[in-house]
1. Considering only residues that are among the hydroxyl-bearing types (Ser, Thr, Tyr), more than 12 Å from the chain's Cα centre (by Cα) and at pLDDT below 90, look in the stretch 247-278 and name the one that is surrounded by the fewest Cβ atoms within 10 Å (Cβ to Cβ).
2. Take the residues in the stretch 299-336 that are in a helix (DSSP H, G or I) and β-branched (Val, Ile, Thr); name whichever of them is surrounded by the fewest Cβ atoms within 10 Å (Cβ to Cβ).
3. Quick check on residue 166: is it in a loop (DSSP other than H, G, I, E, B) and either modelled with pLDDT under 85 or in the same structural domain as residue 53 (by TED's automatic domain parsing) (or both)?
4. Look through 378, 344 and report the one residue that is out of contact with any strand residue (DSSP E or B) (no Cβ under 7 Å at 6 or more places or on another chain), in a loop (DSSP other than H, G, I, E, B) and more than 22 Å from residue 285 (Cα to Cα).
5. Among the basic types (Lys, Arg) and at pLDDT 80 or above: is that true of residue 45 in this structure?
6. Looking for something in a helix (DSSP H, G or I) and among the basic types (Lys, Arg) - is there at least one such residue anywhere in the stretch 127-139?
7. Looking at the stretch 279-298 only, could you name the residues that are surrounded by 23 or more Cβ atoms within 10 Å (Cβ to Cβ) and farther than 18 Å from residue 235 by Cβ?
8. Quick check on the stretch 427-444: of everything there that is closer than 30 Å to residue 350 by Cα and in contact (Cβ under 8 Å) with a residue 12 or more places away in the chain, which residue is farthest from the chain's Cα centre (by Cα)?
Amino acid sequence: MNQTNAPPNVAIVGRPNVGKSALFNRLIGRKIAIVHGQPGITRDRISAICTRGPRLFALWDTGGIFGVGERELNVQVRRAAGDALHESDLLLFVVDAKEGLSPMDEELARMLRKSQKPVVLVINKIDNEKHEPLAAEFDSLGFGSSFSISAEHDRGVSDLLGTIERLLPPTSNKSLFTSHDSLAVAIVGRPNVGKSSLINSIMRGERAIVSELPGTTRDAIDILYQRDGQKFIFIDTAGIRRRGKRSSSVEVFSVMRAERSIRRADLCVLIVDLTAGVTAQDKRIAGLIQKEHRAAIIVLNKWDLLRPRQRQKQTISQLVDETRTRLFFLEYAPVLVASALTGENIDKLFGLIEKIRRAARRRIGTGMLNRLLRQAFEINPPPMIKGRRLKLFYATHPRSGGLTSAEGTLEKSRLLPKRRRELSPPEFVLFVNDPRLLNETYRRYLESRIRKTEPYPGLPIILTLRPRTGNKVRAARSSQRRRK
């Protein structure tokens, strides 16, 4: 990312289960990080733009340093947290007032002092005045700035924000890299198909934790990224499993968050493991993307494990055809064969995104649209349903400009201004005698006829049927003439 356009960074650090994720959610104003009583839940660095105070800044929630859990993951969690310390302009050191000062707190305090970064000691879980004397024990850590707060009850957080604002380096809000002017791309798929590896390949560094252990990514992680002047938010989601295989409440929350990320995204990148092929769960996730009418790209990952020495193009063509057959309801999604591990073909992902961007701006003129649909009706008339047949009177292609799915959540919390969805799928409004007379087979037929005129790669086509009302049809025609 171009750092001249980046907001200042604030990292939340501390040992496991002191309330880092609760503080993160409180400062951001919405539940992004998973809050749970089990230590070590947050394993990746999670980032989001904090807009609660007058100064905007990027807030980072880190995995619990010195945490419990798998040995391999602990090393990676500590490294990720260490990266956050290195990249941050200000550190929020969170401790648990109710558990008191621990040797881990003291060791971490020594580590933070060596970082030479401004540190604010945040004494959490001071839920009321009776708990305030508990804060005195932490004076021995020797940090000049300290605040007693309750992240759960929003006690003392406003005063903490004032200090954060005072300690941050000066920036111009006009140049800030924020989520409302970026393309939101959700990376989705089953556990262990390479979602975090893809993120790391794009970032060319270990930004998200990659492990052979399934289910490593438990939160939906927002990662800011800039490339060739284009701004992106990559949402690295927890792997979605079948409901019967969700082993814990944490995993259930993770799956819910991944499904929410699909709704929040402008575009979804579905990762499929080539070594396993398209599974029933891949189909389910693709169905979620289709249900939400999201732009989509399918990435067949782990090509490095299957690449033959000869006839590679033929093999790729066969793999793409097989995928399209299995995921026929996402026929609009481009398919990319790649390797997140080696980086092969990963750059082509951005070419596909740009292709979809261009397609989203294309419109079919009213005259051409009505001619092609009437021709489609003549070549293949709609089926009779209960003695009646669908009749088309008029069709329009309104200009896109739907609000993003993220807008609903953000608007409610008043975090970000409204923005238009850049990748709005093309919507065609058909005035007909009775919308109930359109079955799914004929809907797909009409969509295919439209795509022959305008392919709209990566974008679903939405057909909205409205019953004939003389005044409405005349008004629609009049509106189209005025636009011309």
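1. 247
2. Going through the qualifying residues, I end up with 325.
3. So residue 166 does not fit the description; no.
4. Sole residue among the options that is out of contact with any strand residue (DSSP E or B) (no Cβ under 7 Å at 6 or more places or on another chain), in a loop (DSSP other than H, G, I, E, B) and more than 22 Å from residue 285 (Cα to Cα): 344.
5. No, not satisfied.
6. yes
7. Correct list: 282 only.
8. Selected residue: 428.
The values are calculated or read from the model by the stated rules, or taken from the named source; none is laboratory data. The structure displayed is predicted, hence computed values, not measured ones. As a convention, Cβ positions derive from the backbone with ideal geometry for all residues, glycine included, and neighbour counts pool all protein chains shown.
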